[in-house]
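Take a look at the structure set out below.
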Amino acid sequence: MTKMNTDTARTSAPSAMRRRSLLLLGVMGFAGFAGALFLRASVGPEPEGVPKGFVLNDTPKPIPDVLFTDGDGQPRTLADFRGKVVLLNVWATWCLPCRKEMPTLDRLQAALGGDRFQVVALSVDRLGAETVKTFYSEIGVRRLAAHVDASGRALSALAAVGLPTTILIDTDGRELGRLMGPAEWDAPDMVAFLKSIVEQKAGGVPTSGNKGNSQ
């Protein structure tokens, strides 16, 4: 009997180890599956196809609350736009690519601007808001408000290494991503991408057009 018990114990030990191993693998597999579901749920739906040149962050990043003035010379900050998805375009009237893309930003504001989305065109012209207003008038920009940082400090604060630099900001004031250089902001793929961001981050379809200069 003693020998049979010993042999049985030797035979059953590997079986028990195999069962424990299979159980452990099953638990790990379930945990991995659950983790994947949690990650997918926490990230949310993917936005529509990201346009060429647009670089999205893996997670939203804090962004400095830069100071500037509006067209009336009143102090403003990015915090004034909390609750909206903001497309912050840093530009200057002496920057030729900036001048070329400005009408497309105006048309983007017409298409998506409202309670949930706004284009904020931030000029770094040292001569101030009147220079921006004159330029807007010359090229027929009607929906973009004049915002100016005559000190140019926003360039370093936002790590803008060149003009134009455009930063996509969520409703909590965090950077979602950016695009360096000019773009056709009213191109169908760009509008669809930004609309999907607005619907995801602001919880609904953006209000169209008429409130573009409210800020």
- Item | 19 Å tail of the calculated P(r), the stretch 64-196, as % of Cα pairs | 43 percent
- Task: Evaluate the charge dipole of the stretch 64-196 about its Cα centre and quote only its size in Debye, nearest 20, assuming +1 on the Cβ of each Lys and Arg and -1 on the Cβ of each Asp and Glu.
- Result: 60 debye
- Rounded Å value of the spacing that divides the Cα centres of the stretch 56-103 and the stretch 121-190: 5 Å
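Mind checking the full-extension length gain between Gln200 and Asp72? Use 0.36 nm per residue of separation minus the Cα-Cα distance, one decimal, nm.
Extending this stretch completely gives an extra 42.7 nm.
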- Note on the structure: Under 5 Å from the placed amide H of Val119, counting only residues 5+ away or on other chains, we find Leu87
- Message: Let me cross-check Asp115: its accessible surface, 1.4 Å probe, with only protein heavy atoms counted, in Å² to the nearest 10?
- Response: 80 Å²
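The values are calculated or read from the model by the stated rules, or taken from the named source; none is laboratory data. Predicted model only: the values in this text are computed from it and were never measured. Counting neighbours? That spans all protein chains shown, and the Cβs are built from the backbone with ideal geometry, glycine included. All accessible areas refer to the heavy atoms of the entire protein, side chains included, with ligands and DNA or RNA removed. Shrake-Rupley method; radii C 1.70, N 1.55, O 1.52, S 1.80 Å.
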